[in-house]
């Protein structure tokens, strides 16, 4: 996928960086840890997981339980390493709505075996990304309301002000581990209300000062 940043630059996302357990209510609904994390929980998705607005999410034959997770996505416009939290928003060029699709049954197996989540999170089309909104037009990323409907029924609604780790904190933390580059995507975590996605479902995400994201789901045919 190629993205056009608000300044006209065309970039290909090199890294899809994702934050888990970043809303306390979601931590409680998952029930797999007792306390919210003191530091951001980080995992990665391959760029092949990306799918644009209007596209199709493929539910893989390896999983019987794919869940939606609505997220605010920050798009890196200016790279850097060891970025100070006070300077972090200056490195974000745009924001978008995104979905972190998760094969929950495969993730549960990985957790039980104390293994990584890469397969559960990384299938093709498991990171839908909406149209970009310039950071200047969005303003404070900690004041946004985001919502997701599936088949016309609202499933998720949250406020980014309820994030455990704010966008500036996340950017600063990630840059202490990875060199951030223009086009890198940061999925910032999901509020409560995650649930199953079925064959034929239409998923519609909306948010304050953010373009809508719509994708449909299709079950992968058996081989």
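General remarks:
- The one condition from (1) in contact (Cβ under 8 Å) with a residue 40 or more places away in the chain; (2) farther than 20 Å from residue 183 by Cβ; (3) under 18 Å from the mean Cα position of the chain (by Cα) that residue 86 does not meet is (3).
- Check on residue 70, surrounded by fewer than 22 Cβ atoms within 10 Å (Cβ to Cβ), touching a residue at least 60 places away in the same chain (Cβ under 8 Å) and within 23 Å of residue 133 (Cα to Cα): no
Each row is one residue, and each column tells you yes or no for (1) touching a strand residue (DSSP E or B) at 6+ places or on another chain (Cβ under 7 Å); (2) closer than 23 Å to residue 210 by Cα.
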residue: 73; (1), (2): yes, yes
residue: 87; (1), (2): no, yes
residue: 110; (1), (2): no, no
residue: 116; (1), (2): no, no
residue: 127; (1), (2): yes, yes
residue: 144; (1), (2): yes, yes
residue: 149; (1), (2): yes, yes
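- Every residue from segment 31-67 that is under 21 Å from residue 170 (Cβ atoms) and surrounded by 14 or more Cβ atoms within 10 Å (Cβ to Cβ): 36, 37, 40, 41, 42, 43, 44, 45, 46, 47, 49, 50
- Restricting segment 31-53 to residues that are under 17 Å from the mean Cα position of the chain (by Cα) and not in a strand (DSSP E or B), the residue that is farthest from residue 123 (Cα to Cα): 40
- Flag if residue 170 is under 15 Å from the mean Cα position of the chain (by Cα), in contact (Cβ under 8 Å) with a residue 40 or more places away in the chain and within 16 Å of residue 50 (Cα to Cα): no
- Single residue of segment 1-21 satisfying the filter (modelled with pLDDT under 95 and within 19 Å of residue 173 (Cβ to Cβ)) that is nearest to the chain's Cα centre (by Cα): 20
- Taken over segment 183-207, the criterion of being closer than 16 Å to residue 55 by Cβ and in a strand (DSSP E or B) is satisfied by 185, 202, 203, 204, 205.
- Filter pass, residue 37 being touching a residue at least 40 places away in the same chain (Cβ under 8 Å) and touching a helix residue (DSSP H, G or I) at 6+ places or on another chain (Cβ under 6 Å): no
- Counted residues, segment 89-106 - those being within 21 Å of residue 23 (Cβ to Cβ) and over 14 Å from the mean Cα position of the chain (by Cα): 4
- Residue match in segment 208-221 (condition: in a loop (DSSP other than H, G, I, E, B), within 18 Å of the chain's Cα centre (by Cα), closer than 20 Å to residue 93 by Cβ and modelled with pLDDT of 95 or more): yes
- Odd one out for residue 25 among (1) modelled with pLDDT under 95; (2) in contact with a helix residue (DSSP H, G or I) (Cβ under 9 Å, 6 or more places away or on another chain); (3) assigned to a loop (DSSP other than H, G, I, E, B): (3)
The values are calculated or read from the model by the stated rules, or taken from the named source; none is laboratory data. What you see is a predicted model; the values in this text were computed from it and never measured. Please note: Cβ atoms are built from the backbone with ideal geometry, for glycine as well, and neighbour counts cover all protein chains shown.
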